[in-house]
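Read-outs: derived from the displayed coordinates by stated rules, not from any lab. Bear in mind that the values here come from a model prediction, so they are computed numbers and not experimental data. With ideal geometry, Cβ positions are generated from the backbone for all residues, glycine too; neighbour counts draw on all protein chains shown.
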Amino acid sequence: MEKLQTIERLSLNQITTEHWSLSEAVDGCVQAQIPWISLWRHKIAETGLAESKKLVREAGLRVSSICRGGMFPAASVSERQKRLDDNRRAVEEAAELGAEVLVLVCGPAPDKDIGSARKWVAEGIEQLVPYAKACGVRLGIEPLHPMYAAERSVIVTLAHANDLAEQYSPTDVGVIVDVFHVWWDPDLYNQIARASGRIFGFHVSDWIVPTPDLLMARGMMGDGVIEIQRIRKAVEASGYIGPIEVEIFNREIWEKPGDDVLAQMKERYLEHV
């Protein structure tokens, strides 16, 4: 039987313990011996950038990514500029915290014109790349499941994310493969192979059946229908051997004691990833 993952690659995506402060999440990772953490910007803002950096550094944790940048489309030029400015701040936060990757959730259309929204996403990335490169931060385009097209991102396939990323050097722009968002795609494995050398992150959870909610529907690995190990092997065959983030939006999990969540997360990671 193939040996599954070791703890050395495991990362807590902070949204999995949404009710924890950054300090609590850092302490939880230390106690659970989880070596990586992915930080969300609203948690960084609550704590302050300098204090966030101090907490992570003193704990000896490594930052796998910052969530999130993106949200480029907007109805006016001035609003799109504000969003680009915020993305530059996100790049600065990633650089300060030692995160090599800023995850881009690209944003929905402000109206019914999804074509223009996709054009604004491409333009936003184009304008952000030089600044990110200068700061030593890579941009990871994360395609979301199509059910989020109207609310969170008009980039809904790995193929489209690859199209955007391939306009740039693989050292600057790549893709994020999140099993929750891509498992359904009949072209998934071709697109993972196409992304060889530019996969910047791998996120795991599971798809619960029946699906209880559009957003809060993710389960622990092993509780749903996703072929997580098969996808993981394909991602590794395309060259990605970096941290594996457990990213779960689920109110029931959020209400549990964080230490219990991390213990179960480790167990399921070792068993199912």
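Quick notes on this one:
- In this simple spin-label model, placing a label point 7 Å from the Cα along the Cα-to-Cβ direction at both ARG57 and ASP259 gives a separation of 2.9 nm.
- The aspartates and glutamates whose alpha-carbon is closer than 17 Å to the alpha-carbon of LYS54, local same-chain residues fewer than 8 away aside, are GLU24, ASP27, GLU46, GLU92, GLU93, GLU96.
- A simple charge model with +1 on the Cβ of Lys and Arg, -1 on the Cβ of Asp and Glu and nothing else charged puts the dipole of the range 75-159 at about 180 debye relative to its Cα centre.
- Backbone N within the range 37-73 under 20 Å of label point (7 Å from LEU270 Cα along the Cβ vector): 37
- Taking every DSSP bridge with both residues inside the chain, close to 5 percent are antiparallel.
- Cα-based shape type of the range 158-273, given that a ≥ b ≥ c are square roots of the gyration tensor eigenvalues and the cut on a/c is 1.5: prolate
- Farthest toward positive dipole pole in the range 7-272 [+1 Lys/Arg, -1 Asp/Glu at C-beta], among ALA32, THR157, MET265: THR157
- Charge dipole (debye, nearest 20) of the chain; +1 at Cβ of Lys and Arg, -1 at Cβ of Asp and Glu: 540 debye
- Approximating the spin labels as points 7 Å out from Cα along Cα→Cβ, the ALA75-to-ALA134 distance works out to 3.3 nm.
- Label assignment, Cα extents along the principal axes in Å derived from the structure, set [x] 72, 68, 32; [y] 47, 44, 34; [z] 84, 38, 31: [y]
- Under the span-like rule (Cα at least 27 Å along the axis, Kyte-Doolittle mean at least -0.5), DSSP H helices of the chain: 114-135
- Full extension of the chain between ASP27 and GLU92 gives 21.0 nm of extra length, using 0.36 nm per residue less the Cα-Cα distance.
- Cα gyration tensor shape for the range 60-172, rounded if a/c is under 1.5, else prolate or oblate: prolate
- Whole-number percent relative contact order across the chain, with pairs defined as alpha carbons under 8 Å at least 6 apart: 20 percent
- On full extension, the segment bounded by HIS19 and MET216 gains 69.5 nm, given 0.36 nm per residue less the C-alpha separation.
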